[in-house]
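Asks: First the structure, which I've put down as structure tokens, then a few questions once you've had a look.
The values are calculated or read from the model by the stated rules, or taken from the named source; none is laboratory data. Predicted model only: the values in this text are computed from it and were never measured. When we count neighbours, we look across all protein chains shown, and the Cβ atoms used for this are built from the backbone with ideal geometry, even at glycine. These area figures cover heavy atoms from the full protein model, side chains too; ligands, DNA and RNA do not enter into them. Shrake-Rupley method; radii C 1.70, N 1.55, O 1.52, S 1.80 Å.
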Amino acid sequence: MDFELNDEQKAMKDATRRFADEVLAPAAQGIDEADETNLELVGQLAELGYLGLTIPEEYDGAGLDTVTYAMCMEELSRGCASTALVVSINLSLIADAILKFGTDEQRQKYLPGLATGEAIGCFVLTEPEAGTDAGAVQTTAVRDGDDYVINGTKCFITNASFAKTFLVFASTDPEAGSKGLSCFIADGGTDGLKVDKRFDKLGIRGADVREVHLEDCRVPAANMLGEEGKGLKIALTVLDGGRIGIAAQAVGIAQAALDEAVKYSAERKQFGRTINKFQATQFKLADMALAVDSARLLYLRAACLKDKGDRFSVESAMAKLAASRAANYVANQAVQIHGGYGYMKEYTVERLFRDARITEIYEGTSEVQKMVISSALLQD
Ligand SMILES: Cc1cc2nc3c(=O)[nH]c(=O)nc-3n(C[C@H](O)[C@H](O)[C@H](O)COP(=O)(O)OP(=O)(O)OC[C@H]3O[C@@H](n4cnc5c(N)ncnc54)[C@H](O)[C@@H]3O)c2cc1C
């Protein structure tokens, strides 16, 4: 087992760390207050190649591995978790789906736009009545000549207002339940594809999360991704990979909270000494560091397995479960170490505490990760 990163991985991690420190972190508080995606920063991420990090070079991406991607996600999220989320969805959920399940024509048509950021992706699965139970999607896609006509309402769709590549899940055979789900690539701006209400959120306030309505939205039959009826399989497959990115995001949030707590504990004085001189604080910091590092190792293991082409569903579920727990625990402790100041908006840990919460919910709640892990344990 080799824990050493290669030169390219080290260089990317260092460069991303610098970008996060110099550009993202100073902007993060303002993004949270503005409650909107900073598209200028997304543009910078695109220019620097982050939106195409794992997309093969033949499609204008950088062709890097999952380990590098996940480490970059951690560093970007350490700076600003909302902005980093754009990268994760674009690569793990959209580009990976098209790479794995797309035809040559679909790859040629869509991957370059995803890689350069000209046609950023969004993942259009969740509905008001279909969350964890993704197979309960009620949106329908009915064949009409060379097209499918899609109707339905989706909620909680990240990136929707600026995305141009929509991966839409709809039922082509409602009688068949979850086996009737199919997946389509719809271009942003298509008639009948309406991006609507922006959700007002607890955290990751810089992420653009919307309702999406499909009203007689015509998508060419050639834009079906994979086979008819295989939509749920596509969704579950890409979510396995997506969880590595969310685990890395959670570790980035946790690391930022730990860094803030270490710094503050060396500055704040009570009883005539800095609070880091109290063993109670030191032990908190030790436990926080342990949580961050163990979660990091878990996402790296899952990323390594993905790069080797091995199965990684259980490992990515474990990574996400542990990392999202770590993010919430560490951010909570970091607030505690800041005392009353940690509860105030001027202090970064207040935002990190709110940003951490979502990592236990999206791309499969913690309960879902436990289902994935336990069902593997209980297999005959
Ligand atoms: C900020 C944000 C961004 C998002 N971005 C996207 C996006 O880009 N695209 C997209 O498609 N979706 C997105 N989502 C949706 C997200 O993936 C869902 O919210 C999540 O999967 C949970 O679904 P739900 O909210 O309907 O909760 P529910 O499924 O209603 O779950 C409620 C509770 O019940 C538990 N539960 C449900 N079923 C079971 C079970 N069988 N056993 C045990 N417990 C169970 C859940 O774990 C949870 O605790 C986003 C959500 C948020 C909040």
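Asks: Against the conditions (1) of a type outside the set (A, V, I, L, M, F, W, C); (2) in contact with a strand residue (DSSP E or B) (Cβ under 9 Å, 6 or more places away or on another chain); (3) in contact (Cβ under 8 Å) with a residue 24 or more places away in the chain; (4) open to solvent by 50 Å² or more (accessible area, probe 1.4 Å), where does residue 189 fall short? Just the number, please.
Replies: With respect to (1) of a type outside the set (A, V, I, L, M, F, W, C); (2) in contact with a strand residue (DSSP E or B) (Cβ under 9 Å, 6 or more places away or on another chain); (3) in contact (Cβ under 8 Å) with a residue 24 or more places away in the chain; (4) open to solvent by 50 Å² or more (accessible area, probe 1.4 Å), residue 189 is out only on (2).
Asks: Search region 146-158 for residues being within 16 Å of residue 126 (Cβ to Cβ) and more than 8 Å from the ligand (Cβ to nearest atom), and hand back the single one that is surrounded by the fewest Cβ atoms within 10 Å (Cβ to Cβ).
Replies: 153
Asks: Name the single residue, out of those in region 31-58 being polar (S, T, N, Q) and in a loop (DSSP other than H, G, I, E, B), that is most open to solvent (accessible area, probe 1.4 Å).
Replies: By that ranking, first place goes to 38.
Asks: Using the structure shown, decide if residue 116 is in contact (Cβ under 8 Å) with a residue 12 or more places away in the chain and touching a strand residue (DSSP E or B) at 6+ places or on another chain (Cβ under 8 Å).
Replies: Taking the combined requirement at face value, the residue does not satisfy it.
Asks: Just wondering, is there one or more residues in region 350-363 that are without any contact (Cβ under 8 Å) to a residue 60 or more places away in the chain, open to solvent by less than 70 Å² (accessible area, probe 1.4 Å), away from the ligand (no atom under 14 Å from the Cβ) and touching a Phe, Trp or Tyr at 6+ places or on another chain (Cβ under 7 Å)?
Replies: yes
Asks: Moving on to the next point. If you scan region 367-380, which residues turn out to be at pLDDT 95 or above, open to solvent by 20 Å² or more (accessible area, probe 1.4 Å) and polar (S, T, N, Q)?
Replies: Matches in region 367-380: 374, 375.
Asks: Note down all Cβ pairs under 9 Å where the first residue falls in region 121-141 and is farther than 20 Å from residue 92 by Cα, the second is β-branched (Val, Ile, Thr) and not in a strand (DSSP E or B), and they're at least six residues apart or on different chains.
Replies: 127/137; 127/139; 129/137; 130/137; 130/139; 137/126; 140/172; 141/172
Asks: Regarding region 198-210, can at least one residue be identified that is under 16 Å from residue 147 (Cβ atoms) and open to solvent by 10 Å² or more (accessible area, probe 1.4 Å)?
Replies: No: region 198-210 contains no residue that is under 16 Å from residue 147 (Cβ atoms) and open to solvent by 10 Å² or more (accessible area, probe 1.4 Å).
Asks: If I ask for residues that are of a type in the set (S, T, N, Q), open to solvent by less than 50 Å² (accessible area, probe 1.4 Å) and more than 30 Å from residue 373 (Cα to Cα), which ones from region 314-349 would you list?
Replies: Across region 314-349, the qualifying residue is only 348.
Asks: Do we find a residue being over 25 Å from residue 352 (Cα atoms) and either open to solvent by less than 20 Å² (accessible area, probe 1.4 Å) or at pLDDT 95 or above (or both) anywhere in region 273-289?
Replies: Looking through region 273-289, at least one residue is over 25 Å from residue 352 (Cα atoms) and either open to solvent by less than 20 Å² (accessible area, probe 1.4 Å) or at pLDDT 95 or above (or both).
Asks: Going through region 1-41 one residue at a time, which ones are in contact with a Ser or Thr (Cβ under 7 Å, 6 or more places away or on another chain), under 26 Å from residue 210 (Cα atoms) and of a type in the set (A, V, I, L, M)?
Replies: 24, 31, 41
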